[in-house]
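Undergrad: Below is one structure. I have some questions about it.
Derivation of every value follows stated rules applied to the coordinates shown; laboratory data play no part. If you're wondering where the values come from, they're calculated on a predicted model, not measured in any experiment. Glycine gets a Cβ as well: all are built from the backbone with ideal geometry, and neighbour counts include every protein chain shown.
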Amino acid sequence: MKFFIDTADISAIIKANEMGLVDGVTTNPSLIKKAGRDHEQTIREISSIVSGPISVETLSETAEGMLKEADQYITWGSNIVIKVVMTPEGMKAVRALSSRGIKTNVTLIFSPLQALIAAKSGATYVSPFIGRLDDISQPGMELITQIRQIFDNYDLPTEILAASVRNPVHMLDSALTGADVATVPPETLFQIFKHPLTESGIQKFLEDAKAWA
Ligand code: G3P
């Protein structure tokens, strides 16, 4: 499973990248707002740090508007993926972008059939939101399982990008379920290093080394 980092925070991206945890980056309008910097400048900077795919979200409600935004975004780096919301206009845009060989990520996926529509439109990635389903008492991981089964039934090449990942259990379940990618906030990504037995094991080795080092 590939690890994408779900942030527009440059210092977190640099830190995670140095640890080999960044196969790609996903951003959205809320993450850009949180980073508090200019959109274009932020994406250009991320693109200069990370060679993997970087998802940049369109804001228009029409396919025409999304395509105009996409034309701009693809000039911001050589690895830009156009993120489009799951709407009929969004799917028109995905069709057009895919026919031009431009990679797309369909976001705000909450049902397996929405994922199927996106895959049939030629999406490179679909982003099912696990955490937001859990928030309304619908098991988010079941969505990933169902999409995996449908994509496997028909050999669809679209990659399942587990999104709205909130904790290491979501990451583990995504890997067990066969998600192609999990996009993860930095604080959750760094959490996966931790295990109490690793920490106490390090302490013990350091103490024992004092006897001879
Ligand atoms: O990748 C989508 C993600 O940013 C949404 O996460 O925690 O706002 O549901 P969350």
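Undergrad: Going by the alpha-carbon gyration tensor, a ≥ b ≥ c the square roots of its eigenvalues, is segment 23-117 rounded (a/c under 1.5) or, if a/c is not under 1.5, prolate (a/b greater than b/c) versus oblate?
TA: Cα axes put segment 23-117 in the prolate bin.
Undergrad: Sorting 133, 197 on the 10 Å Cβ count, fewest up front, what's the list?
TA: 197, 133
Undergrad: Same structure, new question: Return the single residue from 90, 20, 122 with maximal mean-square fluctuation; model: Gaussian network over the chain, springs between Cα atoms under 10 Å.
TA: Evaluated over the chain, the most mobile residue of the options is 20.
Undergrad: Rounded, prolate or oblate: which one fits segment 46-92, using the alpha carbon gyration tensor with axes a ≥ b ≥ c (rounded when a/c is under 1.5, else prolate when a/b beats b/c, else oblate)?
TA: prolate
Undergrad: Continuing with this model, one more query. Pick out which of 45, 199, 89 has the largest mean-square fluctuation in a Gaussian network model of the chain, springs linking Cα atoms closer than 10 Å.
TA: 199
Undergrad: Using a Förster distance of 45 Å, how high is the FRET efficiency between residue 95 and residue 205, based on the Cβ-Cβ distance and rounded to 0.05?
TA: 0.20
Undergrad: Additional query: Please rank 27, 104, fewest neighbouring Cβ atoms within 10 Å first, as an exposure proxy.
TA: 27, 104
Undergrad: Under the definition of Cα pairs under 8 Å and six or more residues apart, what whole-number percent is the relative contact order of the chain?
TA: Relative CO of the chain lands at 18 percent.
Undergrad: Order of 206, 67 from fewest to most other C-beta atoms within 10 Å?
TA: In order of increasing Cβ crowding within 10 Å: 206, 67.
Undergrad: Take the chain, connect every pair of alpha-carbon atoms lying under 10 Å apart with a spring to form a Gaussian network, then pick out the residue of 141, 171, 19 with the largest mean-square fluctuation.
TA: 19
Undergrad: Let me know the number of lysine pairs in the chain closer than 25 Å at the Cα, not counting same-chain pairs under 8 apart.
TA: 27
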